[in-house]
1. Give me the net charge for the shell around residue 112: Cβ to Cβ below 13 angstrom, other residues only, Lys and Arg +1, Asp and Glu -1.
2. What's the extension gain from residue 80 to residue 98 if we count 0.36 nm per residue and subtract their Cα-Cα distance?
3. Any idea how far apart residue 123 and residue 72 come out in nm if each label point goes 7 Å out from Cα toward Cβ?
4. Between residue 87 and residue 143, with labels modelled 7 Å along Cα→Cβ, what's the label distance in nm to one decimal, could you check?
Amino acid sequence: MRRGKWTVPAVAAAAVSVGAALAFAVPASAGVNLQSESDATAAVKLGANARLDAKGAVVFAPVYLTCTPGSDSYLQVSVTQAVGNDIASGSRYREIDDCTGERQKIQVSVTPTNHPFQRGVAFGEAMLTVCDYRGCTSPYDEHTIRIR
């Protein structure tokens with residue numbers, strides 16, 4: 001078998017072509033997979049202000065959430081506040097039955113377990129758990145809130 005001068009450049013060109021084709025094909029297919037798996041919708045944002053009612057026996061905290069229609073979705077909201085030398089704290093866990101896939105506002109009632117809430121600064125937490133056939137995701141938001 002005789003080797004010509006054109007064999008090495010032809011092999012090199014073929015290798016570069018195959019490498020370039022793979023370099024462009026792999027990210028393109030990965031992008032398609034990412035888009036098809038990104039249909040799950042889950043987001044939560046705790047509002048900045050909660051409304052005090054019933055002489056401190058409850059605060060109503062606004063929560064903005066987005067969840068996948070048809071998913072099993074649960075929301076937990078906690079509020080903790082220093083009241084003098086004591087702590088007022090409470091938590092509420094509820095199922096979200098009406099997920100639309102769009103942003104929704106829900107008023108969550110949180111009752112304290114030890115001492116009444118008062119007007120002023122508190123710490124709030126919100127966690128949304130959304131489960132569907134792809135698995136579960138739990139977005140979380142926490143920050144100081146103002147009880148008014």
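Any read-out appearing in this document is the output of simple, stated calculations on the displayed coordinates, not a laboratory observation. Keep in mind the model is a prediction, meaning the values are calculated, not measured. Here the Cβ is made from the backbone with ideal geometry for all residues, glycine too, and neighbour counts use every protein chain on show.
1. 0
2. 3.7 nm
3. Inter-label distance under the simple model: 3.1 nm.
4. Result for the modelled spin labels: 2.3 nm.
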